[in-house]
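One structure is given here, and the rest of the page talks about it.
The values are calculated or read from the model by the stated rules, or taken from the named source; none is laboratory data. Keep in mind it's a predicted model, so treat the numbers as computed, not measured. Heads up, the Cβs are rebuilt from the backbone with ideal geometry, glycines too, and the neighbour counts pull from every protein chain shown. Please note that ligands, DNA and RNA were not included when accessible areas were found on the heavy atoms of the full protein model with its side chains. Shrake-Rupley method; radii C 1.70, N 1.55, O 1.52, S 1.80 Å.
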Amino acid sequence: MNVRVRFAPSPTGFLHIGSVRTALFNWLYARHTGGTFVLRIEDTDTARNTEQSLRTILDGLAWLGLTHDEGPYFQSQRAAIYRQRVKQLVDAGMAYEREGAIRFKMTREPIVMNDLIAGKVTRELGDREVNDPDFVIVRSDGNPVFHFVNVVDDLEMKITHVIRGEDHLSNTPKHIALFRAFGVEPPKYAHIPMILNKDGTKMSKSDPDPVKARLASLTGYIEDGYLPEAVRNYLCLLGWSPKDDRQVLPIEEVIQKFDLPQVLRSNAKFDAAKLEWMNGQYINRLTGEELDRRVTGIPGADVAYRRRVLELLKSKVTLLKQFPERTKYFFTDDFPVEPVDAALLGKLADRYACVPTWDAASLEAGLKALATELGVKTGQLIHPCRMAVSGQTVGPSLYHMLEVLGRDRVLARLRKT
RNA sequence: GGCCCCAUCGUCUAGAGGCCUAGGACAUCAGAUUCUCAAUCUGGGUACACGGGUUCGAAUCCCGUUGGGGCCGCCA
C-alpha cells in the first residue's frame with residue numbers, strides 16, 4: 001500500500017509545539033514508508049485566517065526541515081467539493097436539514113476503532129449523545145464544519161493513515177461514520193498522546209505565565225536560538241524511543257526505526273531543560289564556520305576571527321542567542337572591569353610583550369614562569385588577567401582566549417588597568 | 001454529569017512473567033579538573049500510584065480505587 005499522510009493545521013497565527021510534533025510524526029512515517037506527506041491548510045474559519053498565519057506554518061515547517069510532498073491544499077478553495085458531498089449524503093437520506101443547518105444521521109451503535117497506537121477502542125454514546133446523536137455538518141450560514149470537511153478531504157486526498165493528536169480520539173467515531181456513509185473504508189488512525197507543561201497543564205500560547213506561554217509555540221524556539229535539528233531530535237523522544245541509551249541521534253536513523261505501534265500511549269510533559277541541554281549538544285558539534293552562518297548579532301568584518309571566537313565559545317553555550325553577549329569583549333573595548341592589581345598585570349604585560357610566538361602554549365608558559373618568579377600562585381595572575389581582558393569572571397580557557405584575542409588587544413587591556 | 005485514553009525516578013524513557021534488590025538521559029546533590037564555569041569527568045540520592053486477584057513467580061496479565069489528560073459546539 002502506498003502510504004499517504006497529512007498534516008492539517010489551522011492558520012491561527014502560531015504553530016503549537018504539539019502540532020509540530022504531530023507534523024514530525026507524520027513526516028517520519030511518510031519518510032519511513034516511502035509514502036507521501038500532504039500539507040493541507042484548514043482555513044474554513046475565515047475569522048482567523050490570514051496571510052501571516054499561513055507564513056508562520058510554512059516557515060515553521062521549513063525551519064524544521066519537514067518538507068511536504070504535496071500541497072498545500074486550502075479548504076477555503078474547495079467549497080464546491082464539499083457542496084457536492086453534502087448533496088450526496090442528503091440525496092441518500094443520510095443527512096437532513098433542520099433549522100437551516102444540515103445534520104448527519106449518526107449511527108446509534110457503539111463504534112469500534114482499531115487505533116494503531118491506542119489499540120482497540122469501543123466508544124459508547126455519551127449521555128447527551130444518547131438523546132440526539134446526529135450532528136451538524138453544514139451551518140445555517142452554509143459553511144461546512146470541521147468534522148465534515150476533514151473527512152471529505154481525507155477521502156478525496158486518499159489519505160491512508162490519519163496521525164493526529166489524541167484530542168481527536170473521541171471525535172473519530174463521527175469521522176468513521178461519515179466515511180461509511182460515503183461507502184468507503186476509513187483510513188487507519190493513529191492518535192498520538194498530548195504534550196503537557198511540566199506541571200501537567202495544557203500548553204497554551206495564552207497561558208498567564210509568560211514562560212509557559214512562550215514554550216507553547218515554535219516561534220519562541222526560533223527566536224531564542226535553538227537549532228532546528230535539536231528541537232526535532234527532542235520532539236522525536238517525546239512518545240517515541242530508539243530503545244537504546246542514546247538521546248542524540250541522526251534523523252536518518254529515526255526515520256529508519258520509526259513506526260506507529262511503538263509510539264507510547266501516555267501523555268508526555270515538556271522538559272525545557274532537557275531541550276536546552278540537547279541544543280548545547282548540537283551547537284558543540286558545529287564548526288566555527290557553520291556557527292558563523294547561523295549566529296546573528298556578532299559584529300566585526302573579519303570572518304576568520306569571528307569563526308575562531310565562535311569555535312572557542314561553543315562548548316560553553318546552549319542557545320545561539322547567548323553568543324553575542326558572551327563574545328562581546330572580543331569585538332569591543334567598551335566593557336566594565338572590576339578593580340585589579342595594575343602593577344601585577346603590568347608585569348604580565350611586559351612578559352607577554354616579548355613572548356616568542358603568540359599561542360596558548362607560550363602564553364601559559366610565560367604566565368607560569370612569571371608567577372614562579374614573583375612567588376605567587378598562578379591563580380593570582382590568571383583571575384585578574386581574565387577580568388582585565390574580558391571583564392568576566394568566567395569564560396573559556398584563559399590561554400586560548402588570549403591567543404584568539406591577539407597580542408595588541410591583550411597588551412593594551414593589561415596596561416589600561 | 002456521560003463517554004474515551006493513560007499511570008516506572010522531579011521530567012523524558014528502557015522494561016512485552018523470572019535477565020529488575022528496575023537500566024539510560026535531563027535536572028539535582030557531592031567530588032575532580034591546583035584558571036574560572038556556563039564546559040568536561042567521576043560518584044550519590046530518587047520510581048514500578050494504591051488495593052485485590054491470576055501464577056511456583058508480576059513493573060510486566062485481569063478487576064477495582066485513586067490520580068492525570070481528552071471529548072461531549074452551527075470552534076478547529
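Answer rounded, prolate or oblate for segment A:288-330, using the Cα gyration tensor with square roots of eigenvalues a ≥ b ≥ c: rounded when a/c is under 1.5, else prolate when a/b is larger than b/c, else oblate.
It comes out rounded by the Cα gyration axes.
What dipole magnitude, in Debye to the nearest 20, does segment A:73-159 give about its Cα centre under +1 on Lys/Arg Cβ and -1 on Asp/Glu Cβ? Kindly include the intermediate steps, with their values, before the conclusion.
Numbers: 13 positive and 14 negative charges, 49 e Å.
Taking the Cα centre of segment A:73-159 as origin, the dipole is about 240 debye.
Sort A:292-302, A:17-27 by the packing proxy (mean of other Cβ within 10 Å over each peptide's residues), most packed first.
A:17-27, A:292-302
Around A:Arg294, what is the net charge, scoring Lys/Arg as +1 and Asp/Glu as -1 over all other residues with Cβ under 14 Å from its Cβ?
Values: positive: A:Arg285, A:Arg293, A:Arg306, A:Arg307, A:Lys314, A:Lys321; negative: A:Glu223, A:Asp224, A:Glu229, A:Glu289, A:Glu290, A:Asp292, A:Glu311.
For residues surrounding A:Arg294, the net value is -1.
Could you state the angle between the C-alpha long axis of helix A:407-416 and the longest principal axis of the C-alpha atoms of chain A, as a value from 0 to 90 degrees rounded to the nearest 10?
That helix lies at roughly 70 degrees to the long axis.
Using a Gaussian network model of chain A with C-alpha springs under 10 Å, which one of A:Glu276, A:Glu229, A:Glu70 is most mobile by mean-square fluctuation?
Greatest mean-square fluctuation among the candidates belongs to A:Glu70.
From the Cα gyration tensor of segment A:179-265, with a ≥ b ≥ c the square roots of its eigenvalues, which class applies: rounded if a/c is under 1.5, or else prolate if a/b is larger than b/c, or else oblate? Before the final figure, lay out the partial values.
Working: a/c = 2.15, a/b = 1.26, b/c = 1.71.
Oblate.
If you take every DSSP beta bridge whose two residues both sit in chain A, what share of them, in percent to the nearest 5, is antiparallel?
Expressed as a percentage, antiparallel bridges in chain A total about 50.
Quick one: angle between helix A:79-91 and the longest Cα principal axis of chain A, in degrees between 0 and 90, rounded to 10, please.
On a 0 to 90 degree scale, this one is about 30.
Report the one residue of A:Leu374, A:Gln262, A:Pro187 whose Cα lies farthest in the direction of the positive end of the charge dipole of chain A (charges on C-beta: Lys and Arg +1, Asp and Glu -1; origin at the Cα centre).
Checking the options against the dipole of chain A, the answer is A:Leu374.
Per residue and in cubic angstrom, what volume does the convex hull of the Cα atoms of chain A have?
Normalising the Cα hull of chain A by residue number yields 181 Å³.
Rounded to the nearest 5, what % of DSSP beta bridges with both residues in segment A:1-126 are antiparallel? Each step should come with its number before you reach the end.
Numbers: 9 of 16 bridges.
Roughly 55 percent of the beta bridges in segment A:1-126 run antiparallel, per DSSP.
Any aspartates and glutamates with Cα under 19 Å of the A:Lys188 Cα? List them, leaving off those in the same chain fewer than 8 positions away.
A:Asp115, A:Asp153, A:Asp154, A:Glu156, A:Glu166, A:Asp167, A:Asp259
For chain A, take the longest principal axis of its alpha carbons; what is the angle in degrees between that and the long axis of helix A:360-374, to the nearest 10 within 0 to 90?
50 degrees
Please list the radius of gyration and Dmax for segment A:342-416, considering alpha-carbon atoms only, with Å as the unit.
Reported Rg and Dmax, both Å: 10.8, 28.
Taking all protein chains together and a probe of 1.4 Å, list A:Lys198, A:Lys257 from the most accessible to the least accessible.
The ranking, largest first, comes out as A:Lys198, A:Lys257.
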